[in-house]
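Input: a single structure, listed below in structure tokens.
Since every read-out is calculated from the coordinates, none of them should be taken as a lab result. As the structure is a prediction and not an experimental result, all values here were calculated from the model. Here the Cβ is made from the backbone with ideal geometry for all residues, glycine too, and neighbour counts use every protein chain on show.
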Amino acid sequence: MITILNIERQKDFDEETEYAFLNLSDGPQIVDVFPFLETSFSHIHFPIMVEKEEDQYTLTSFTMGDMSEEEYQTKLSRVNKQIEFFYFVKDLLSVKKAKDLMENFPDVCSYFKEEPFRLLDIHYEDRPYFYFPDIDKRAILRTFDDRVKEWEYLCRYLLQKNCSSGNTWMYYKDFKREFLDILRKDSHPMNHGNFSAIINFFSSFLYVERPLSPTSRVALTTDKAREDDILKCLKTHKNSRTPFPKYKPTTPDFLTEEQKTAVKEAVACKGNLSIITGGPGTGKTTVLSSIITEFSSRYPGVMVALLAPTGKAVKRMKETLSGLPIDNFEISTIHKFVGYTSSFG
């Protein structure tokens, strides 16, 4: 059912509805049919005509004033594209975020219908505005190219989400299962037999162990390259000689023999890579505290970086080490220290 609303003045509009017409200081104008479209309706004067089909509004005409026909049609088209975009995102974004998106990426309304997956490339303070499942549910796949784009973004989404939880790669069987499950839930199911072809098609950004098996590892090529670089650095440090010959700690008497050995050899042992391991309550933090204290007493001008994989672990280290009588160390998460930011936070 289509309803035509011919609105002569602001007060003629139903004030009970969630949509509202506002006034500017320089005269009556339709400023806000939808909460975040403030600027797009400026200089549109009454009377106007709004068409309502089901629960969706469209601006069909407004008073031209001194506009040319070309300006009028351009304005009408732009406003209705923004209205369409509003209905596309209204369940995904807050009003503030939608307004920020419109202001920072004004061309978004011109392509979101034809290329909806491009929305996944838009970020706000290093975080995405949208996630793949939300866009895929709303996307209309018109061509095979649309389908390929959907698969590409889904591959990236799964591996980036996996990486944000601390894992560089996924098993092929898990990657395939999650990939097909999401497409099935989002009403775009795919035949299982075509999956290996997808993996091959996206070899430019997907790394897959060969020969292909259920336990083959799958990763983004960028993450694989980053991991290879880290491994190369670790091997280099492991095989190099220690640059701190003056580190000859005097271990406290309250340490156990194993803890004393760890304090002595963590820095002074052959190579620059040491691993101290132990269960909860075995004194790993106590050992770390002794290492930092002894090292700083011999190398007071060298900054020590204490890194942890999670914010919770960082907080725990700060609580434990805050009382040390030295200031040449910093405590941070690994990703913050190396300048890495994740789309998934």
Checklist entry - From the square roots a ≥ b ≥ c of the eigenvalues of the alpha-carbon gyration tensor of the range 240-337, which class results: rounded (a/c under 1.5), prolate (a/b over b/c), or oblate? => result rounded
Checklist outcome for this item: On the formula 1/(1 + (r/R0)^6), with r taken between the Cβ atoms of Arg241 and Leu306 and R0 of 41 Å, the FRET efficiency rounded to 0.05 is 0.95
Checklist outcome for this item: If the chain between Gln73 and Ser204 were fully extended at 0.36 nm per residue, the gain over the current Cα-Cα distance would be 42.8 nm
Item to check | Low-density loop cleavage sites - chymotrypsin sites (Phe, Trp or Tyr not before Pro) in the range 253-345, where at most 12 other Cβ are within 10 Å (DSSP) | outcome: Phe254, Tyr340
Checklist entry - So which GluC sites (Glu not before Pro) in the range 81-120 are both in a DSSP loop and have at most 14 other Cβ atoms within 10 Å of their Cβ? => result Glu114
Item to check | trypsin sites (Lys or Arg not before Pro) restricted to the range 117-225 and DSSP loop, no more than 16 other C-beta within 10 Å | outcome: Arg142
Item to check | the range 125-227: C-alpha gyration tensor shape, a/c 1.5 cut-off, then a/b vs b/c | outcome: oblate
Checklist outcome for this item: Reduced to Cα centres, the span from the range 222-236 to the range 302-319 in Å works out to 22 Å
Item to check | Under 29 Å from Lys232, Cα to Cα: lysines that are on another chain or at least 8 residues apart | outcome: Lys161, Lys173, Lys224, Lys246, Lys248, Lys264, Lys270, Lys284, Lys312, Lys336
Item to check | Computed label-point distance, nm, for sites Glu114 and Leu180 using a 7 Å Cα→Cβ extension | outcome: 3.5 nm
Checklist outcome for this item: Taking alpha-carbon centroids only, the range 192-213 lies from the range 54-86 a number of Å equal to 46 Å
